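The values are calculated or read from the model by the stated rules, or taken from the named source; none is laboratory data. These figures come from a predicted structure and were not determined experimentally. Glycine gets a Cβ as well: all are built from the backbone with ideal geometry, and neighbour counts include every protein chain shown. Please note that ligands, DNA and RNA were not included when accessible areas were found on the heavy atoms of the full protein model with its side chains. Shrake-Rupley method; radii C 1.70, N 1.55, O 1.52, S 1.80 Å.
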Amino acid sequence: MNGRIGARLAGDGASYITGQEFRDFDSGVELRRARLYAKGDCILILPVSYQLEIGYVPNQFYMEETYLQFRDLPWIGNLTGGQFKAPMGLDDITSSRDITFMEPAASLEALAPGVNAGIQAGRPVMSQRATWAFGLFTEGVGYDFGDAASDYGRVITRATGLPIYQADPDRPNATRLLHLGASANLLYSARNSVRYRSRPESHLAPYVIDTGDMDADAALVVGAEAAWVNGPLSLQGEYLHSWVHQANGHVPKFGGFYGSVSWFLTGESRPYDRSEGKFARVIPKRNVDFRHGGWGAWELAARYSFTDLSSGGVNGGRLSMLMAGVSWYLHSHLKWRFEYGFGHVSGRQPDGNLNVFQTRVELDF
């Protein structure tokens, strides 16, 4: 048996400028995440990997990556059971430490499942040029992000591919890849209630679009994702669409998308985890060391997202967000982000424009 123990901290600060019609936009600071984890490998009849992660997100105890995983089983690949990120949404399954912006786009927060409890099978195939995953999920312990349904069961599947992949271990800044993916999430609600909502991509802000509890027993969400990396340049986008089966027979349709671009001024490339079809930790070419001219890694980024939660008599509202940011990677385990966002809410009350100024410091070890 072997293992290691680690911790992760993330602190946010945010300030808002909005019209008088918006309420509860209070500037402030918060401990966004605080986690302790233990992970490793052991023998339980078969070789198994484990991870136990407990921690805090604002106002609640939370579990994220807590599971047992049997690896390299015939036909199945890896079999995972516990609470972990359900396989939908490229930015959702990528660690929050490794996504480009502080929070996933509003469309993902509203429509993707986030962290759930369940069992999942999946594996990389075609010499790690593709992956597949299939899982059965239900409500877990705690809530951080993802759709606001409760008392449910889900069937979720995801497949990814790398039509283009060129990487040189000696020149990590020269990576060139094209990632494509598709996913589907079929939800059954035992209490006949489905709900989608989102903040304006800032966790200290209140929810600004919200369907409320819809009298519905099922919903289907499908998603498509794509990412292009060419050295320091990265382009990424996702689209999600939902059909909700209401008790009155109506089927309102909701959807959203985002597109983002980022550029490493210092020449790094976004690392990619081929075994799981997601992005990984950025390693600066030179850590911060002012005595020897080390400035870490600097990344500029911009993202536009649109989320529509109004359909078929449900007036959840529409949110357009334009985010711009700069990230300073002082070390592979220490990052400082600065972001500005401009948003427009329509189709519900209150509506209007809002401005977001936020920053985050993240440390893990």
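Quantify, in whole percent, the carbon and sulfur part of the accessible surface of the chain (1.4 Å probe; protein heavy atoms only). Numbers along the way, then the final one.
Values: 9600 of 15930 Å².
On the chain, the fraction of accessible area on carbon and sulfur atoms equals 60 percent.
How far apart, in nm, are two points set 7 Å out from the Cα along the Cα-to-Cβ line at residue 128 and at residue 31?
About 3.6 nm separates the two model spin labels.
Output wanted: per-residue J couplings in Hz (rounded whole) for the range 231-237, from phi through Karplus 6.51 cos²θ - 1.76 cosθ + 1.60, θ = phi - 60°, x for Gly and Pro.
Per residue, the Karplus-derived 3J(HN,Hα) values read x, x, 8, 9, 10, 8, x Hz.
Please find the FRET efficiency linking residue 243 to residue 136, where r is the Cβ-Cβ separation and R0 is fixed at 22 Å, and quote it to the nearest 0.05.
Here the calculated transfer efficiency is 0.60.
Whole-Hz ³J(HN,Hα) for each residue in the range 205-218, computed from phi via Karplus 6.51 cos²θ - 1.76 cosθ + 1.60 with θ = phi - 60°, x for glycine and proline: what do you get?
Those phi angles translate into 7, x, 5, 10, 10, 6, 6, x, 6, 8, 6, 8, 9, 7 Hz.
So if we plug the beta-carbon distance of residue 76 and residue 20 into 1/(1 + (r/R0)^6) with R0 = 51 Å, what FRET efficiency do we get, rounded to 0.05? Intermediate values should be presented prior to the final figure.
Working: r = 57 Å, r/R0 = 1.11.
Using R0 = 51 Å, I get an efficiency of 0.35.
Under the rule of at least 5 residues apart or a separate chain, name every residue whose amide H is placed under 5 Å from the amide H of residue 149.
Counting only residues 5 or more places away or on other chains, the set is 195.
For residue 295, list long-range residues whose amide hydrogen, built 1.01 Å from N in the peptide plane, is under 5 Å from its own amide hydrogen.
When sequence neighbours closer than 5 places are left aside, the close amide H contacts are 289.
For residue 174, list long-range residues whose amide hydrogen, built 1.01 Å from N in the peptide plane, is under 5 Å from its own amide hydrogen.
Result for residue 174 returns 168.
Rounded to the nearest 500 deg cm²/dmol, what is the calculated helix-only ellipticity per residue at 222 nm for the chain, with -39500 (n - 2.57) per DSSP H run of length n ≥ 4?
-500 deg cm²/dmol
From the Cα trace of the chain, what convex hull volume per residue do you get, rounded to a whole Å³?
With only Cα atoms used, the chain gives 137 Å³ per residue.
Going by the alpha-carbon gyration tensor, a ≥ b ≥ c the square roots of its eigenvalues, is the range 95-137 rounded (a/c under 1.5) or, if a/c is not under 1.5, prolate (a/b greater than b/c) versus oblate?
Numbers: a/c = 2.55, a/b = 1.40, b/c = 1.82.
Judged from the Cα gyration tensor, the range 95-137 comes out oblate (a/c at least 1.5, b/c at or above a/b).
Restricted to Cα positions, what overall size does the range 1-137 have along the principal axes? Three whole-Å values, descending.
Computed over the range 1-137, the largest-to-smallest principal extents equal 61, 31, 24 Å.
Stretch residue 119-residue 253 to full length: gain in nm at 0.36 nm per residue minus the Cα-Cα span?
Gain on extension, residue 119 to residue 253, equals 45.4 nm.
Classify the range 151-218: rounded, prolate or oblate, from the alpha-carbon gyration tensor (a ≥ b ≥ c, eigenvalue square roots; a/c under 1.5 rounded; otherwise prolate if a/b is larger than b/c)?
Oblate, since a/c reaches 1.5 and b/c is not below a/b.
Classify the range 230-365 as rounded, prolate or oblate, taking a ≥ b ≥ c as the square roots of the eigenvalues of its Cα gyration tensor: rounded when a/c is under 1.5, otherwise prolate if a/b is larger than b/c and oblate if not.
Verdict is prolate for the range 230-365.
How many nm separate the modelled label positions at residue 265 and residue 171, each set 7 Å beyond the Cα in the direction of the Cβ?
Between residue 265 and residue 171, the label points sit 2.5 nm apart.
Given the convex hull of the Cα atoms of the range 212-274, what is a quarter of its surface area in nm²?
Dividing the Cα hull surface by four gives the mean projection, 6.1 nm².
Taking 0.36 nm per residue of separation and subtracting the Cα-Cα distance, what length does fully extending residue 68 through residue 275 add?
Taking residue 68 through residue 275 to full extension adds about 72.8 nm, to one decimal.
Could you state the orientation-averaged shadow area of the convex hull built on the Cα atoms of the range 126-258, in nm² to one decimal?
Taking a quarter of the hull surface, the average projection is 10.4 nm².
Using the reciprocal of the averaged 1/r over all distinct C-alpha pairs, how large is the Kirkwood radius of the range 131-183 in Å?
Roughly 14.4 Å, rounded to one decimal.
From the phi of every residue in the range 159-168, what ³J(HN,Hα) in whole Hz does the Karplus formula 6.51 cos²θ - 1.76 cosθ + 1.60 yield, where θ is phi - 60° and glycine or proline is x?
9, 10, x, 10, x, 10, 8, 10, 9, 10
Stick to the Cα atoms of the range 1-79, pair each with every other, and give me the Kirkwood hydrodynamic radius in Å at one decimal. If you can, show how the numbers build up before the last one.
Working: mean 1/r = 0.0636 Å⁻¹.
With all distinct Cα pairs of the range 1-79 included, I get 15.7 Å.
To the nearest 20 debye, what charge dipole does the chain have about its Cα centre, counting +1 at the Cβ of each Lys and Arg and -1 at the Cβ of each Asp and Glu? Please report the intermediate quantities before stating the final value.
Working: 34 positive and 38 negative charges, 176 e Å.
Dipole size: approximately 840 debye.
So which chymotrypsin sites (Phe, Trp or Tyr not before Pro) in the range 58-152 are both in a DSSP loop and have at most 13 other Cβ atoms within 10 Å of their Cβ?
75
May I ask you to list the lysines whose Cα is less than 29 Å away from that of residue 253, ignoring any residue fewer than eight positions away on the same chain?
Those lysines meeting the cut-off are 85, 278.
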